[in-house]
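Readers should treat all values here as calculations from the given coordinates under stated rules, not as data from a laboratory. A quick note: this is a predicted structure, and the numbers were derived from the prediction, not measured. Positions of Cβ are generated from backbone atoms using ideal geometry, with glycine treated the same way; all protein chains shown enter the neighbour counts.
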Amino acid sequence: MSLAALPPRIQQVVRTVYGDATAHIFLIAAGAALVGVVAALLLPPVTLRTTIDLERSREHTVPEPVARASCQ
């Protein structure tokens, strides 16, 4: 359906409705973005490691669990 196929008064109503809806969506998205920025600013800082020492990293890892079969 084409907008040009509608009567002029209906065309104006459709354009107004789309404009209003776009404005509302923009305001909602801006609010969500603001909440996201505030949440990101409130996150505690995490210190990243400065080396790639793989042997030391392996010492601090938890060993993988051994699967046990139950024969009961």
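Details
- Residue match in the range 1-9 (condition: among the hydrophobic types (A, V, I, L, M, F, W, C) and not in a helix (DSSP H, G or I)): yes
- Filtering the range 1-29 to residues that are surrounded by 10 or more Cβ atoms within 10 Å (Cβ to Cβ) and of a type in the set (A, V, I, L, M) leaves Leu3, Leu6, Ile10, Val13, Val14, Val17, Ala21, Ala23, Ile25, Leu27, Ile28, Ala29.
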